[in-house]
1. Set the Förster distance to 56 Å, then compute FRET efficiency between A:H62 and B:F80 from the Cβ-Cβ distance, nearest 0.05.
2. Determine, from the Cβ-Cβ distance of C:T90 and A:S196 and an R0 of 56 Å, the FRET efficiency 1/(1 + (r/R0)^6), rounded to the nearest 0.05.
3. Report the net charge of residues surrounding A:S18, where surrounding means a beta-carbon distance below 10 angstrom and charges are Lys +1, Arg +1, Asp -1, Glu -1.
4. How shielded is A:52-61 by partner chains, expressed as the average number of their Cβ atoms within 10 Å of its Cβ atoms?
5. Return a whole-number percent for the relative contact order of chain C, with Cα pairs under 8 Å and 6 or more residues apart as the contact set.
6. Placing unit charges on C-beta atoms (Lys and Arg positive, Asp and Glu negative, everything else neutral), compute the dipole magnitude of segment B:49-112 about its Cα centre in debye, rounded to 20.
7. Longer than 27 Å from Cα to Cα, which of C:K82/C:K192; B:K82/B:K199; B:K82/B:K192; B:K199/C:K109; A:K82/C:K192 are they? Say none if no pair is.
8. Give the order of C:R187, C:R86 when sorted by the count of other beta carbons within 10 angstrom, beginning with the fewest.
Amino acid sequence: MQIQYILEVIGTGFFAISGALAANDKAEPDWFGASFIGFITSIGGGSLRDILLGSYPLVWVHDINFMYAIFIGIILASMFFKVLIRLRKTFFLFDTVGIAMFTIVGTEKALSLGVHPVIAAIMGMFSAIMGGVIRDVLTNEIPIIFKKEIYATACLTGAVTYLTLDYAGLERNVNFLLSAFIIITIRIIAVKKNLSLPKFNRT
Amino acid sequence: MQIQYILEVIGTGFFAISGALAANDKAEPDWFGASFIGFITSIGGGSLRDILLGSYPLVWVHDINFMYAIFIGIILASMFFKVLIRLRKTFFLFDTVGIAMFTIVGTEKALSLGVHPVIAAIMGMFSAIMGGVIRDVLTNEIPIIFKKEIYATACLTGAVTYLTLDYAGLERNVNFLLSAFIIITIRIIAVKKNLSLPKFNRT
Amino acid sequence: MQIQYILEVIGTGFFAISGALAANDKAEPDWFGASFIGFITSIGGGSLRDILLGSYPLVWVHDINFMYAIFIGIILASMFFKVLIRLRKTFFLFDTVGIAMFTIVGTEKALSLGVHPVIAAIMGMFSAIMGGVIRDVLTNEIPIIFKKEIYATACLTGAVTYLTLDYAGLERNVNFLLSAFIIITIRIIAVKKNLSLPKFNRT
């Protein structure tokens, strides 16, 4: 569990980097604006999950290590801005690992609070994607989850996998790795093959 | 009360249909995006009300029937997309009945938690309209409640009516039907006659 | 403390005026829309702070005087619309005093709930700026805090000042005035000299 905690803190820092970089595409924020967007991107999903579940205190409000990770992430994003923009393809991998981990952690947390598995899956997905959705809303863009290659759907699939294997009695750590692996695989294939879900009004 | 519960669940499903259809006007979401917007539209108003009131657990988190109603709504929206778009005028009636019911149910809930009647009226209106506001923000549109024919104001009028008649001692079920009827009537007249409130800076 | 309560209620009313006026720049809302935006602007920041902290009941839900201040603010904004638009420079001063006060009050409240000072500073800033951010999102604009002359950064500086002097043992009322004064001074200088923070991707 110690390892998972460290991964969560690091994952939060990576989300802050990705948020601060994404902010620059359109809104052209100043230093504060980029930091603010990085901050919101990294804590938005987990905060929304916990507020919907009524689970207090919020993790980052309670444990200052998450703030430190966010600060470090933003400073790194600022120092290595050009390099990071060029490395976006590598960075995509970090984001993918991040959403996979956040999905499973969020699903587990919701489940531990006694909600129905369907709700737990939604909360897991929310943990991973809603920070980005809030970021897109703040920078006045239509959230990419509505359009881009399979993204939220990968998280949802992973959450459902986790819940199914958990119900079937699979050992927790194995299940964690396996379900995260499924999210990562779906996401990578979707991007490589440029796969999208069909449009809703496709008829 | 059993009847009211059934109506609430059905109303949530209708809100999901209306959200999924509305999503297509501009954002052109994929299947997931439309479902997500339908989901947010149907649970957004009630969730915001309960979060502001600190009333946990949120209804849809606690009672899985609401999720089932949303799923069914989204599947129906997808299957009968073209028919539903053509039937929008009929559909307008469902939306109107829906906001009327949500307004009164929300007002009652807030009142039962002991808040001031003014706050209860605002919470009732929020229950009905905020799902649509969140939907509009997510799809990058200026919320229609700021511009369209009398909409939120109809809800607010109905909520105030309910509170006044409740204070005057009218029997609850009669009051419910009467106040909902007032919301529906105002809304239908406003649309038929194309009535809007005056612009704020009209001078 | 009585004085501070009165100032808070008045400050809420001023925020409602400023929100109702700002709404008109782009969204051209009707009477209801402007009131709604004024309302959200004035209660948004404090509500978000309290929801993130899990501090219930929300102030305006519990104490009806805040709603009365908002109503009066909106009615004044409507009655004296033209005059107020012309007086915007004077009005800027009210807004500045408002954000200064909200920042310190919010920081104090968070601190009294036992959070880390870093979190308290963020919550103080949120109290002051997030109402405006929500207003900008609702009216489909990129929040001004990402671009404009130093704004949120002034609040953050004031909050950090307050926390530092509080830690150093300065008497609370003196600290309150001094920290608020720092926010006001930074903000006025920033606007007079047209100072912005550097762009994030300035390299």
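Since every read-out is calculated from the coordinates, none of them should be taken as a lab result. Predicted model, so just to flag it, every value in this text is computed and none were measured. Cβ coordinates were reconstructed from backbone atoms using ideal geometry, including for glycine residues, and neighbour counts include every protein chain displayed.
1. Once the sixth-power term is evaluated, E becomes 0.75.
2. That gives a FRET efficiency of 0.60.
3. Residues near A:S18 contribute +1 overall.
4. Taking all residues of A:52-61 together, the mean is 6.
5. For chain C, the relative contact order is 22 percent.
6. The calculation lands at about 400 debye.
7. Violating the 27 Å Cα-Cα cut-off are B:K82/B:K199; B:K199/C:K109; A:K82/C:K192.
8. Going from least to most buried by this count: C:R86, C:R187.
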